[in-house]
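Notes to accompany the following structure.
Derivation of every value follows stated rules applied to the coordinates shown; laboratory data play no part. Treat the numbers as computed from the prediction; the structure is a model and nothing was measured. Every residue, glycine as well, gets a Cβ built from its backbone with ideal geometry; the counts of neighbours run over all protein chains shown.
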Amino acid sequence: MIKNDRWIREMASRGMIEPFNENQVMEGVISYGVSSYGYDMRIADEFKIFTNINNTIVDPKNFDPKSFVDFKGNVCIVPPNSFALGRSVEYFRIPRETLVICLGKSTYARCGIVVNVTPLEPEWEGHVTIEISNTTPLPAKIYANEGIAQLLFLGGAELCEISYADKAGKYQAQKGITLPRM
């Protein structure tokens, strides 16, 4: 069952989303806040932009943090056919009976920008690390403190047997942009 806006507001009042925007903000920005059956999260103003200046191989088991250039600002330019990492403005605490699926905003998708976030598991908490791929042959702008992706909250009929907190997941309570861990 997909959770509706009433449920999201109730859970947010218990600290599930901080800071929380009760209404969808749309005027002059890429929208964010509560939507019909989800929540549009924002991207913060800190980014890690992928670069291959060191001519390294991308290895998830041994990731070289020097493959990124740190950037802080209101607009991040993602190079053509490349990607950047960002993080959500919001800090999330997912209830045990809930799984969250993330989908990119259509405004960015229509520009060839793909947003990827893995599911937010039951009892996971933290800032969401967001991967932003620029699939175009041109530089692409990402606007900080505006909407980047929509979260859909799925409720289980019963509590999960083992939550992310139970298994002490390696990305639990992450703050800031978190690189791959082994």
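Reducing the stretch 101-147 and the stretch 1-71 to their Cα centroids gives an inter-centroid distance of 7 Å.
Scoring 46-59, 74-87, 107-120 by mean Cβ neighbours within 10 Å over their residues and listing the highest first yields 74-87, 107-120, 46-59. Between their Cα atoms, which of Lys141/Lys175; Lys61/Lys141; Lys72/Lys167; Lys3/Lys175; Lys61/Lys105; Lys3/Lys48 are more than 28 Å away from each other? Table pairs above 28 Å Cα-Cα are Lys61/Lys141; Lys72/Lys167; Lys61/Lys105; Lys3/Lys48. Give me the aspartates and glutamates in straight-line cross-link reach of Lys170: C-alpha distance below 12 Å, same-chain residues under 8 apart excluded. Counting by Cα, and skipping residues close in sequence, Lys170 has these aspartates and glutamates nearby: Glu125. List residues of the stretch 14-53, by number, whose backbone nitrogen lies under 11 Å from a label position 7 Å along Cα→C-beta of Leu152. In the stretch 14-53, the label zone of Leu152 (backbone N under 11 Å from the point 7 Å along Cα→Cβ) covers 37-38. In this structure the amide hydrogen of Ile43, modeled in the peptide plane, comes within under 5 Å of the amide hydrogens of Val89, Asn145, Glu146, Ile148, none closer than 5 places in sequence on its chain.
Rounded to the nearest 500, the helix-only mean residue ellipticity at 222 nm of the chain stands at -1500 deg cm²/dmol, with each DSSP H run of n ≥ 4 adding -39,500 (n - 2.57). Taking 15 Å as the cut-off, the amide N atoms of the stretch 78-122 that come nearer than this to a point 7 Å along the Cα-to-beta-carbon line of Lys72 belong to 87.
Normalised by the residues of the stretch 80-182, what does the relative contact order come to in percent, with Cα pairs under 8 Å and at least six apart?
On the way: 201 pairs, mean separation 38.3, N = 103.
Relative contact order of the stretch 80-182: 37 percent.
If a spin label sat at a point 7 angstrom from the Cα of Ile101 along the line to its beta carbon, the backbone N atoms of the stretch 35-66 nearer than 13 Å would be those of 38. The relative contact order of the chain, computed from alpha carbon pairs under 8 Å that lie at least 6 residues apart in sequence, is 28 percent. Neighbours of Glu158, meaning other residues whose beta-carbon lies under 12 angstrom from its beta-carbon, give a summed charge of -1 when Lys and Arg score +1 and Asp and Glu score -1. Modelled spin-label separation between Thr56 and Asp166, with each label point placed 7 Å from Cα along the Cα-to-Cβ direction: 3.6 nm.
Protection proxy ranking of 96-106, 60-70, 131-141, by the mean of other Cβ atoms within 10 Å over each peptide's residues and highest first, is 96-106, 131-141, 60-70. Less than 11 Å Cβ to Cβ from Ser31, Lys/Arg counted +1 and Asp/Glu -1: what total charge do the surrounding residues give? Result for the neighbourhood of Ser31: -1. Checking every one of the GluC sites (Glu not before Pro) in the stretch 2-32 against DSSP loop status and a limit of 14 other Cβ atoms within 10 Å picks out Glu22, Glu27.
Dipole orientation for the chain: of the candidates Asn62, Asn145, Gly33, Asn62 has the Cα lying most toward the positive pole (charges on Cβ; Lys, Arg +1; Asp, Glu -1).
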